[in-house]
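Down below is the structure, laid out as structure tokens.
The values are calculated or read from the model by the stated rules, or taken from the named source; none is laboratory data. Note that the coordinates shown come from a computational prediction; the quantities given were computed from them, not determined experimentally. Backbone-built Cβ (ideal geometry, glycine too); neighbour counts: all protein chains shown. We work out accessible area using only protein heavy atoms, side chains counted, and drop any ligands, DNA or RNA first. Shrake-Rupley method; radii C 1.70, N 1.55, O 1.52, S 1.80 Å.
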Amino acid sequence: MILWIKAFHIVFVVAWFAGLFYLPRLFIYHQMATTPAEHDRFVVMERRLLGITHIGGVLAVAFGLWSLFAWINLSPEFLRQGWVHAKLGLVAVLIAYHVSLIMLARQFAEKRCQRSSRWLRIYNEVPALLLIAIVVLVVVRPF
Ligand code: HEM
């Protein structure tokens, strides 16, 4: 059973990251939009992708917590491992990043985003760095 939970946890992590990777990219292109029709099209695309990202995120966290409680039930020491603490800390940063995507999508929809193209390109790299760190923590378990 615990392997089925982990399998679906990973499936929804992938779905979550599809949105976390592509939404900032859409913002970069949106910022270059010149006509109202282009603007409206980006708003629709961002809203739909945000919906998928929400579903992926909620289910990735839900299956992650289910897996965590299943492991704690099996061996309470599981929660004392350093990599688990570090991972949950980075997941909190990832959730904060997700919330910032919601706020940016709203700013773009209301044509009041002040962020520079350079800022958006750097902002776009954050999920990749978090993904590398979290996967190394949970697979290699360095501490
Ligand atoms: C609150 C959020 C999360 C919780 C509570 C959580 C918890 C867990 C737990 C308990 C396991 C099982 C470990 C095992 O079977 O040995 C696991 C596996 C895994 N998690 Fe998460 N996780 C969360 C979010 C994430 C995120 C955001 C990512 C990706 C960036 C991620 C990537 C993975 C991977 C790749 C595995 C499989 C590791 C392996 O089989 O060696 N998790 N997670």
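Just name the residue that is most open to solvent (accessible area, probe 1.4 Å) out of those in the range 31-47 that are over 29 Å from V14 (Cβ atoms) and of a type in the set (S, T, N, Q).
Per the criteria, the residue is T34.
Name the residue that is nearest to the ligand (Cβ to nearest atom), counting only residues in the range 121-132 that are open to solvent by 40 Å² or more (accessible area, probe 1.4 Å) and touching a residue at least 12 places away in the same chain (Cβ under 8 Å).
Applying the first criterion (open to solvent by 40 Å² or more (accessible area, probe 1.4 Å)) to the range 121-132 yields 121-122, 125-126, 129, 131-132.
Among the residues that remain, those that are also touching a residue at least 12 places away in the same chain (Cβ under 8 Å) are: 121, 126, 131.
Numbers: R121: 22, V126: 12, L131: 5 Å.
Per the stated criteria, the residue is L131.
Could you check the range 78-107 and list, in sequence order, the residues that are of a type outside the set (G, A, S) and within 17 Å of V136 (Cα to Cα)? Full working, then the answer.
So the first thing to find is which residues in the range 78-107 are of a type outside the set (G, A, S), and the list is 78-81, 83-85, 87-88, 90-91, 93-95, 97-99, 101-104, 106-107.
Scanning the range 78-107 gives Q81, W83, V84, H85, K87, L88, L90, V91, V93, L94.
Within the range 48-64, can one find any residue that is aromatic (F, W, Y), under 18 Å from the mean Cα position of the chain (by Cα) and open to solvent by 60 Å² or more (accessible area, probe 1.4 Å)? Give the steps one after another, and end with the answer.
Quick first cut of the range 48-64, residues aromatic (F, W, Y) only: 63.
From what's left, under 18 Å from the mean Cα position of the chain (by Cα): 63.
Filter once more, so that each one left must be open to solvent by 60 Å² or more (accessible area, probe 1.4 Å): none.
Looking for residues that are aromatic (F, W, Y), under 18 Å from the mean Cα position of the chain (by Cα) and open to solvent by 60 Å² or more (accessible area, probe 1.4 Å), one finds none in the range 48-64, hence no.
Would you confirm, using the coordinates I've provided, whether Y97 is among the aromatic types (F, W, Y) and either open to solvent by less than 20 Å² (accessible area, probe 1.4 Å) or more than 23 Å from W119 (Cβ to Cβ) (or both)?
So Y97 passes the test.
Consider V139 carefully, then state whether it is among the hydrophobic types (A, V, I, L, M, F, W, C), open to solvent by 90 Å² or more (accessible area, probe 1.4 Å) and out of contact with any Asp or Glu (no Cβ under 9 Å at 6 or more places or on another chain). Even if it seems obvious, please write down each step before you answer.
Working: among the hydrophobic types (A, V, I, L, M, F, W, C): yes; open to solvent by 90 Å² or more (accessible area, probe 1.4 Å): yes; out of contact with any Asp or Glu (no Cβ under 9 Å at 6 or more places or on another chain): yes.
Yes, satisfied.
Out of everything in the range 1-10 that is open to solvent by 80 Å² or more (accessible area, probe 1.4 Å) and either of a type outside the set (A, V, I, L, M, F, W, C) or closer than 12 Å to A62 by Cα (or both), what residue ends up being farthest from the ligand (Cβ to nearest atom)? Spell out the reasoning first.
In the first step, residues of the range 1-10 are kept if they are open to solvent by 80 Å² or more (accessible area, probe 1.4 Å); the result is 1, 3-4, 6, 8, 10.
Narrowing the set further to residues that are either of a type outside the set (A, V, I, L, M, F, W, C) or closer than 12 Å to A62 by Cα (or both) leaves 6, 8, 10.
Values: K6: 5, F8: 11, I10: 5 Å.
Ranking the qualifying residues of the range 1-10, first place goes to F8.
Report, by residue number, each residue of the range 72-92 that is within 17 Å of the chain's Cα centre (by Cα) and near the ligand (Cβ under 10 Å from one of its atoms).
We begin by selecting, within the range 72-92, every residue within 17 Å of the chain's Cα centre (by Cα); these are 86-92.
Listed by number, the residues that qualify are K87, L88, L90, V91, A92.
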